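Here is the structure we will look at.
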Amino acid sequence: MLSNIRFVLINTSHPGNIGAVARAMKNMRLEQLYLVDPQKFPSTVATARASGAIGILEKATVCETVSEAIKGCSLVLGTSARLRTIAWPQMDARMSAEKIVAEKEGSQIAILFGREHSGLTNEELELCHYLVHIPCNPDFSSLNIAAAAQVIAYEILMASQNRPTEIEREVIGAEDDWATSGEVERFYSHLESVLIETGFLDPSNPRLLMRKLKRLYQRARLEKNEVNILRGILTAVQRVTKK
Ligand code: SAH
């Protein structure tokens, strides 16, 4: 039942952490581990720390980019130890687990975990619908990545045992036609080119325009047909500007 949920570890530097995350996942019945550009993997240290969860490491998908790792996902959550300069929709671990289990059966969901030293970049954050923060001591808010994964995984398991019925999920508003990350990313590139072509965006001085627009669309959580409409509009604009 939890096989549609993937944990994505980005650029992890300590292989021991990868093993510890695998163990935390298996303990909580999760199994999809994605590793984006891990600094050392496979590794005997990771294997030792995984203990009985070696199967998760063996099946782990190693990718070069985050986009590859979240391909096909219609809900992307980024975990973060701190608040960001640019506000992004946020929730705590428990709320995020409730959101995850309320998703339509079979929809792919990704949870991103950042680098041990620097967390997620702003570009990675822009791929997320929500940021998830584990409430903790505000003066010491950075958990070890595997400890963070453990808490999130535990909340997902607990929430899944209380999973809303299909009918309740419809009332909560889980749509069946959310756009996937790839569709939304292609829309962003299309939007950016049109903004440049029309002179609205100056590529030599882009400021925060694209980030702010992405925040707007991520907050709206686009459906497939909405992406089609928006891209249709962009194409219509291009027809006029290219005349
Ligand atoms: N110095 C980094 C800390 C990274 S900790 C920073 O300021 O972002 C490594 C990873 O563990 C984070 O990227 C996040 O994925 C997870 N993590 C650590 N503490 C967390 C918390 N309180 N809530 C949610 N995720 C957390």
Response to the item:
Given the conditions (1) out of contact with any helix residue (DSSP H, G or I) (no Cβ under 6 Å at 6 or more places or on another chain); (2) buried (at least 20 other Cβ atoms within 10 Å of the Cβ), every one holds for C73 apart from (1)
Worksheet entry | Those residues of the stretch 18-59 which are in contact with a strand residue (DSSP E or B) (Cβ under 8 Å, 6 or more places away or on another chain) and in a helix (DSSP H, G or I), in sequence order | I18, V21, A22, M25, I56, L57, K59
Discussion item. For a quick check of your reading of the model, give me the residue pairs whose first member lies in the stretch 64-80 and is in the same structural domain as E123 (by TED's automatic domain parsing) and without any contact (Cβ under 8 Å) to a residue 60 or more places away in the chain, whose second is aromatic (F, W, Y) and within 16 Å of the ligand (Cβ to nearest atom), with beta-carbon atoms closer than 9 Å and at least 6 apart or on different chains.
Written reply: E68/Y34; L77/Y130; G78/W88; G78/F113; G78/Y130; S80/W88
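In the stretch 79-98, what count of residues is obtained for those that are near the ligand (Cβ under 9 Å from one of its atoms) and more than 13 Å from the chain's Cα centre (by Cα)? Don't jump to the end; show me each part of the working.
Filtering the stretch 79-98 for residues near the ligand (Cβ under 9 Å from one of its atoms) gives 79-82, 92-93.
Going one step further and asking which of them are more than 13 Å from the chain's Cα centre (by Cα), we end up with 81-82, 92-93.
Residues flagged as near the ligand (Cβ under 9 Å from one of its atoms) and more than 13 Å from the chain's Cα centre (by Cα) within the stretch 79-98 amount to 4.
Specify the residue that is surrounded by the fewest Cβ atoms within 10 Å (Cβ to Cβ); the eligible residues are those in the stretch 198-243 that are in a loop (DSSP other than H, G, I, E, B) and in contact (Cβ under 8 Å) with a residue 60 or more places away in the chain. Before the answer, list the steps.
Here is the first cut: in the stretch 198-243, the ones in a loop (DSSP other than H, G, I, E, B) are 198-208, 221-222, 242-243.
Retained after the next criterion (residues that are in contact (Cβ under 8 Å) with a residue 60 or more places away in the chain): 208, 221.
Values: L208: 12, R221: 16.
Looking at residues that are in a loop (DSSP other than H, G, I, E, B) and in contact (Cβ under 8 Å) with a residue 60 or more places away in the chain, I get L208.
The values are calculated or read from the model by the stated rules, or taken from the named source; none is laboratory data. Just so it is clear, the structure is predicted and the values come from calculations on it, not from any experiment. Virtual Cβ from ideal backbone geometry, glycine too; neighbours counted across all protein chains shown.
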